[in-house]
Every structure is written in C-alpha cells, then in structure tokens.
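Visitor: Structure below; questions to follow.
The values are calculated or read from the model by the stated rules, or taken from the named source; none is laboratory data. Please read all numbers here as calculations on a predicted model, not as lab measurements. Glycine gets a Cβ as well: all are built from the backbone with ideal geometry, and neighbour counts include every protein chain shown. Heads up: the accessible areas ignore ligands, DNA and RNA and are worked out on the full protein's heavy atoms, side chains in. Shrake-Rupley method; radii C 1.70, N 1.55, O 1.52, S 1.80 Å.
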Amino acid sequence: MRVLIVEDEQLLCEQVRGFLAQKGFAVDIANTGSDGLYLGEEFPIDAAIIDLGLPDFSGMELIRRLRKAGVTFPILILTARSRWQEKVEGLEAGADDYLVKPFHFEELMARLNALIRRSKGSAHPVLEHGNIQLDSVAQDVFVSGEKLELTAYEYKVLEYLMFHKGEVISKSALAEHIYDEDFDRDSNVIEVFVGRLRKKLDPDGQNQPIETLRGRGYRIPATPT
Ligand code: CA
C-alpha cells in the first residue's frame, strides 16, 4: 500500500517514513500543501497522513482541495493541538480520522490500516479466499492453516490483489502501489514476484488463486473457483 505523508517537520517525516517502510508500506513525502496536492492528485495513493500546520496553506485547505478534485483515498489528520473544533473541522473538510501529536507510531499504523481496509470495502483485518487467509495486521499469510514464508514484496503483491478481489490489476498498477516515487520500477520484477507467489500459494498447481489475463494483468477472482 502506498501512503502519502504531508508534513513540514522533516524529522517527524523521516521517522514516520522509516516506521511505515519497515511495516511494508511505500511512502511518499510532501513538505508543503502544494506538493501534497500534486502528489495526491497525480499518484495512486492508498491513504494520506496530513498535518494541519503546513507552511504554504493549511492541511485543512489541502483536504478541501483534494476532495474537490475528486480524490477519495482515506485521510488521517495530524494535529498538534487537542482542540476539538479542529478535529470537527478536519472531519467536515473530508478527513476520515485524526491523531493528536505526539502520537505512538503503532497507533498511527493501526488507524491507517483500519482506514485502508474500510476504503477497500473490508472491515475485517483477515481477508480470505478459498484456503488462503491473509492477516493484514500481522502481515501473515496462511494456506490451509499453514503459514507461508513470503518476502515483503511478495506479501505486498498478494495483499493488493486480495484487497481488490475480482478486479484486473495491471503490472504497472501493482508496481505503483508497492513502490514509492523514488524507486526504479520494473514491471518485469512484478512478474517474478507473482511467479514465486504462485508457487508458494499452490505448489502442486491444483488450485491457483492468481489468474493471468494476457496483456491486461492479474486477478484473484471475486469468489474462489
Ligand atoms: Ca507542521
């Protein structure tokens, strides 16, 4: 999942980026409202964390502009003050949740995960498909109750496909959601990840959950075949 952080405190940005990257998120950073607006409109972001106090225009204004531009990803606001008026105003501007600084990174991640799950139409943290269970909080995958050893990127690919069951996801869309802006994306690498993932999910080739749609991408069907 790809997360946008809009925050002008460099140190906090780097700390949050480091923490989220370690948890498997791709992270883009903007230090101003205008950069946040650009990244939020142009990139396939899955959720944003927006600080209300930004140097050019306020986080509140940024949220209004993003929503006005038709951006629908979930937004979590960071506010330094615990003034209730600001929380209400933020939620009314189109934010989905808020966190008061200073906060615990674990709480930030839990809220972010919950927002992303709900935005993808799944309130429960464990996604299921046939004999596969994917725990999006612990980031564990089980096949018929047995835990799989997946690399971080294999997990990210599977998680994205599971969150978008029934949809055809192109290789480039997958690459965009699992890597951030600074990464040199190569869609051939996605093929390698998917190939390895398939072997791990279905070593006997009996019950392959990931379909290939030639020239279009990959899909986990809405209901198991
Ligand atoms: Ca700030």
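Visitor: What distance in nm lies between label points placed 7 Å from Cα along the C-beta direction at residue 147 and residue 189?
Guide: 2.7
Visitor: Another one. Within the set 120/200; 156/199; 23/200; 120/147; 120/199; 23/156, which residue pairs have Cα atoms separated by over 19 Å?
Guide: Listed pairs above 19 Å: 120/200; 23/200; 120/147; 120/199.
Visitor: Hey, another quick one. Express the relative contact order of segment 126-219 as a whole percentage, based on alpha carbon pairs under 8 Å and six or more residues apart in sequence.
Guide: Relative CO of segment 126-219 lands at 25 percent.
Visitor: Explain nothing, just the number: relative contact order of segment 7-81, from Cα pairs under 8 Å at least 6 residues apart, as a whole percent.
Guide: It comes to 32 percent, rounded to a whole number.
Visitor: For the residue pair residue 222 and residue 42, what label-to-label distance in nm results when each label sits 7 Å from Cα along the Cα-to-beta-carbon direction?
Guide: For residue 222 paired with residue 42, the spin-label model returns 3.5 nm.
Visitor: Calculated from DSSP H runs of 4 or more alone, at -39500 (n - 2.57) each and per residue, what is the 222 nm mean residue ellipticity of the chain, nearest 500?
Guide: The helix contribution divided over the chain gives -12500 deg cm²/dmol.
Visitor: Taking all protein chains as present, what is the carbon and sulfur share of the accessible area of the chain, in % to the nearest whole number, probe 1.4 Å?
Guide: Of the solvent-accessible surface of the chain, carbon and sulfur hold 48 percent.
Visitor: Taking only protein heavy atoms into account and a 1.4 Å probe, give the accessible area per residue of the chain in Å².
Guide: 48
Visitor: From the protein chains alone at 1.4 Å, what is the descending order of accessible area for 58, 144, largest first?
Guide: 144, 58
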